Amino acid sequence: MTKKPYVNSGYERIADDDYKTIDTRCIQALHESFNLYGRIVDCCAPTGSGIVNELVRLGYNAFGVADAFQDRVHAKFVVTNPPYTKTLVDEILRRQIKRIEDGDVFGFAALLRNNFDFAKKRKALFPENPFYFGEIKMCFRPIWIEPVPGEKKVAPIHNFSWYIWSKETLDDKIVRHWYEK
């Protein structure tokens, strides 16, 4: 029996939840709200990355890799939109946070649904994690699928935030709101 999604968007799901971050406003929000520098890697980019494309366009040294669990990524920051598979996404987050703990990277930003940090089982990733830096709430709903001419336009239904972990720690975690200019 095929499990129905919580909300039906009317679109067929993409294999492995490999949704490209095609909405450049997502990267603009991070770029304007957090100080990224050095080499940046998207660790969930098996077939390319809108994140990498937009970061490069903004002047960053960015690249993608297909394996979020590889030993080393040779970067200052990891910036990614992980696949939304419940068990996998938590593993990806823990692996990137471990990179900070081990000194392999300085910071990590993950594009996730706004309520992602609400789950009790994720307490160790957020309020209890010494590297948790904060959240950038994007005050728009990202577009994930290119519109098809002649088809009914469907409005996005989920709100997203950038969740950030960093070697730079703060007593009070940041919460910023980014509005499109």
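Do any residues in region 122-150 that are more than 21 Å from residue 174 (Cα to Cα) have Cβ atoms under 8 Å from those of residues that are in a helix (DSSP H, G or I), where the two are at least six apart or on different chains, and which pairs are they?
142/25; 142/26
Name every residue in region 144-181 that is within 19 Å of residue 51 (Cα to Cα), out of contact with any Pro (no Cβ under 6 Å at 6 or more places or on another chain) and hydrophobic (A, V, I, L, M, F, W, C), in order of residue number.
144, 145, 162, 164, 165, 178 - these are the residues of region 144-181 that are within 19 Å of residue 51 (Cα to Cα), out of contact with any Pro (no Cβ under 6 Å at 6 or more places or on another chain) and hydrophobic (A, V, I, L, M, F, W, C).
Give region 75-129 a look and list any residue that's part of a strand (DSSP E or B) and touching a Leu at 6+ places or on another chain (Cβ under 9 Å), or say none.
Correct list: 77, 79, 80, 107, 108, 109, 110, 111, 112.
Quick grid of which residues meet (1) surrounded by 17 or more Cβ atoms within 10 Å (Cβ to Cβ); (2) farther than 21 Å from residue 82 by Cβ; (3) more than 14 Å from the chain's Cα centre (by Cα):
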| site | (1), (2), (3) |
| --- | --- |
| 110 | yes, no, no |
| 113 | no, no, no |
| 119 | no, no, yes |
| 167 | no, no, yes |
| 181 | no, yes, yes |
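Can you find, within region 44-66, the residue that is farthest from residue 107 (Cα to Cα) among those that are part of a loop (DSSP other than H, G, I, E, B) and at pLDDT below 95? Spell out how you get there, then give the answer.
To start, the set of residues in region 44-66 that are part of a loop (DSSP other than H, G, I, E, B) comprises 44-45, 47, 49, 58-60, 65-66.
Next cut, at pLDDT below 95 only: 44-45, 47, 49, 65-66.
Numbers: 44: 16, 45: 18, 47: 23, 49: 19, 65: 17, 66: 19 Å.
Selected residue: 47.
The values are calculated or read from the model by the stated rules, or taken from the named source; none is laboratory data. Keep in mind that this is a model prediction, so the values were computed, not measured. Ideal geometry is used to build each Cβ from the backbone, glycine not excepted, and the neighbour counts take in all protein chains shown.
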